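What follows is calculated from the coordinates using simple rules that are stated; it is not laboratory data. Remember, predicted model here, so these are calculated numbers, not experimental data. Note that we place each Cβ from the backbone using ideal geometry, even for glycine, and neighbour counts take in every protein chain shown.
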Number of protein chains: 4
Amino acid sequence: MAYRRTTAVAQRLADNRDQILAAARALIARGGFAAATIAAVAAEAGIATGTVYRYFPSKAELFAEVLRDAARRELAVLSETAAADGPPLARLDAVVSVFVTRAIRGQRLAHAMIAEPVDPTVEAERLVLREGYARILGALMDAAIAEGTIPPRNTEIAADCIVGAMIEPLIGPLAKGKVRKKTQADDLLAEIRRFVNAALRADTANANVLDFPKGEF
Amino acid sequence: MAYRRTTAVAQRLADNRDQILAAARALIARGGFAAATIAAVAAEAGIATGTVYRYFPSKAELFAEVLRDAARRELAVLSETAAADGPPLARLDAVVSVFVTRAIRGQRLAHAMIAEPVDPTVEAERLVLREGYARILGALMDAAIAEGTIPPRNTEIAADCIVGAMIEPLIGPLAKGKVRKKTQADDLLAEIRRFVNAALRADTANANVLDFPKGEF
Amino acid sequence: MAYRRTTAVAQRLADNRDQILAAARALIARGGFAAATIAAVAAEAGIATGTVYRYFPSKAELFAEVLRDAARRELAVLSETAAADGPPLARLDAVVSVFVTRAIRGQRLAHAMIAEPVDPTVEAERLVLREGYARILGALMDAAIAEGTIPPRNTEIAADCIVGAMIEPLIGPLAKGKVRKKTQADDLLAEIRRFVNAALRADTANANVLDFPKGEF
Amino acid sequence: MAYRRTTAVAQRLADNRDQILAAARALIARGGFAAATIAAVAAEAGIATGTVYRYFPSKAELFAEVLRDAARRELAVLSETAAADGPPLARLDAVVSVFVTRAIRGQRLAHAMIAEPVDPTVEAERLVLREGYARILGALMDAAIAEGTIPPRNTEIAADCIVGAMIEPLIGPLAKGKVRKKTQADDLLAEIRRFVNAALRADTANANVLDFPKGEF
DNA sequence: CATGAATGAGCCTTCATTCAT
DNA sequence: GATGAATGAAGGCTCATTCAT
């Protein structure tokens, strides 16, 4: 006869699952996907390697869920921000601000989630995140264009530009082995906002064009 | 005779070295760092695996040099572009155009060189490339600021924003498993230039600020 | 009350035990020993994996008992058949017929029980089954020999020949990935009976001997 | 520049390959497929585990080749025997004799090759062996039937009966943990020959039929 | 010097068995 | 007694690196 699963047990299981996800997240944030071996995840979570497989069918699925969770959380916050009252560009600015503010605290993870190449299964989740960003940013730009606030443009590409402009100053410096100092956080946010806001408002495309050489990368 | 033989030998050695670097570059461009195993590099170069270790002490060093070479070449082209005659912002626009035009043809390699996380040794070289981009772009912005063409700003951060805005629309679609169609190349270049040019010229920072929630990534 | 509870408990225990055995048998019949993991057996039996160990000290013991039970049942039927009235060879023919008829319906299980190699503990039980077959068949042959119906022979070895001749046409086709069609069941039975009956009655041993090469397998 | 592969090196490679095959064969013969782990095979061959994969792409392929080799050798010998001069049944008797004589020396391997369930890839090779046996034996029976020496029968099924009658007395006793004594080899061969020869010559099918109970295995 | 076979640490995954609840 | 989560020892396989030829 099956014993009723007590709240305590259910809680422990849920905790375990979260522990594993948290361990994976922590390892990915610390050293990327490469550092997050199943053995390392299990050790970080304080469990045996085999236990991981009670909660996730494979390494790829575990990582996919890490990404899915982070994406869900992230996109939920940004969506909410985007849905506030106010003119579209002000909301877009707020989205940028929220993204940057949050990402500053999780640079390596943000990098992994946006740029690090991985298993196809995981890749699918990354796509969701990327498209989520583009959707939110693109919708706000479209609204601003519809209002006549800014001139028409290819918002799909521009959305990617914004994502790049937001994330690059955060993750690029990681190569230096030292995270940008905390005192720089305000500068980072301010400059990124300035950059993105300006990019959207002005229409100076193709001004002052020079001839330029072409070649292979 | 002895001299000529030496020269011939030296030539062959240099050729071998280049072959290996070219093979590694080709494999990385084709399938990222993961696809570039030592065995695959050797096969692509038409030599034995052990021979690779005659020229490079380790896989990490080989990849570091691949990155170093590509960075040297890439930065040389961009530097030349940046040194042309004309107003700073026009030259910056040209730099952006060159970067994008070249990167469109080498998306996978560009991705690997700019975003793909790897060994710390290789990472150091990536830093050189990134800093090179920032130096070139930053210098042009500084010049424009000195001229009074654009208002003062934190050009270090802005340079990263530009790099992100340039590269993201190029590598982002890779995650979708489909490279952007060739017919989109012109749209990509035009939209990225518009975005970056606008970002630099206008000064609308901190306009229309909304309150926004904060939290962890 | 206490007595009835005890009885009920004892009944439930016995039921559980049978459930486990039946589950193991079903899984072995379906996919061989490889498919019969403890977890699968427990799931099939509708109990927890740990519960299996309340009834059986190890996987090997469980499988040994599966074999033991099947052997007991099987040998009982064959013994009963062998004990019928009639001439020994007719009874032997009946034994063969019963064996084949029953085995056709349980090819995979029959295969596992007779041919599939397993743990030494389980192997011991297989021996019992094999020896049971040999004993029954041997006794009937001995009786026929005693009667003078057939010439003397090494009935121990001949019994194994019969077992092989009975089981091989049944399990051999399993290797082809396709079970022999149902319409062939009658042909199978007829041909096997003809073969075994003939083998016992005629005495043409060592006729027409040719020289033959020898060597290792 | 590629060095010419010396005969010595080529020999060493071929030897290695043979060593691995021999090691696998030995382990399978000793303890079945289960005992033949890659680590064990490598240890038996005196090489590192990874080395095995220089010669065989996977465990399944290695085992398949072990089977293929043994089958090729075995069927070649039996085919040659079957192609000798003389009446079909005499040749069939010779085939049986050769099979038994050879198999006596490799019981466990013979068992593994004929009955042990394994990977689908390996199974395919087992099919070749089984079908080879059936083809050779069936052809001889067909010839004897054509001659009028023996009455018509389903030679496909009968061939399987012969295989079973040949192999069962050899492998069955393995369950006892002790191989049949050497002094019994002659008895085994004699009795098996007698059994098979008799089975083919006499036609007593369906004689003395008794009613028999039916049921599940 | 070149070769490429050999090495073996390390990874992901499975599953018999244990034990706290 | 029952539960099923946890354990951890294997097992198959990959690949950077070494070294005899």
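3J(HN,Hα) along region B:154-165, derived from phi through the Karplus expression 6.51 cos²θ - 1.76 cosθ + 1.60 where θ = phi - 60°, amounts to 7, 6, 5, 5, 4, 4, 5, 4, 5, 4, x, 5 Hz, with x in place of Gly and Pro. So, R0 is 56 Å and r is the distance between the beta-carbons of C:Ala10 and D:Arg30; what FRET efficiency does that work out to, to 0.05? In this case the efficiency is close to 0.80. Pull out a ≥ b ≥ c, the square roots of the eigenvalues of the alpha-carbon gyration tensor of region D:61-201, then state rounded if a/c is under 1.5, prolate if not and a/b is larger than b/c, and oblate in the remaining case. Oblate, because a/c is 1.5 or more while a/b does not exceed b/c.
I need the calculated FRET efficiency for the pair A:Thr37 and B:Ala48, taking r as the beta carbon distance and R₀ as 35 Å, to the nearest 0.05. Intermediate results must be reported in sequence, preceding the final value.
Values: r = 31 Å, r/R0 = 0.88.
After rounding, the FRET efficiency stands at 0.70.
The rotation axis that maps chain C onto chain A passes nearest to the beta carbon of this chain C residue, listed with its distance in whole angstrom: C:Gly50, 3. Here B:Arg135 yields copy-to-copy label distances, from shortest upward, of 4.3, 7.3, 9.2 nm, the label point defined as 7 Å from Cα along Cα to C-beta. Along region A:70-78 the Karplus relation, 6.51 cos²θ - 1.76 cosθ + 1.60 evaluated at θ = phi - 60°, assigns HN-Hα couplings of 4, 5, 4, 4, 4, 5, 5, 5, 5 Hz to successive residues, with x for each Gly and Pro.
Remark: label point of D:Ala84 defined 7 Å out from Cα along the Cα-Cβ vector; separations to the same position in other copies 4.2, 9.1, 9.7 nm, ascending.
Inter-copy label distances at B:Arg30, shortest first and taken from points set 7 Å along Cα to Cβ: 3.7, 4.3, 4.5 nm.
The charge dipole of region A:9-56, taken about its Cα centre with unit charges on the Cβ atoms of Lys, Arg (+1), Asp and Glu (-1) only, comes to about 40 debye.
Over all distinct Cα pairs, what is the inverse of the mean 1/r for region C:91-142, reported as the Kirkwood hydrodynamic radius in Å?
Values: mean 1/r = 0.0838 Å⁻¹.
Computed over region C:91-142, the radius equals 11.9 Å.
For region A:9-56, what is the Kirkwood estimate of the hydrodynamic radius, computed as the reciprocal of the mean inverse distance between distinct Cα atoms, to one decimal in Å? Walk me through the intermediate numbers first.
Details: mean 1/r = 0.0955 Å⁻¹.
About 10.5 Å, per the Kirkwood formula over Cα pairs.
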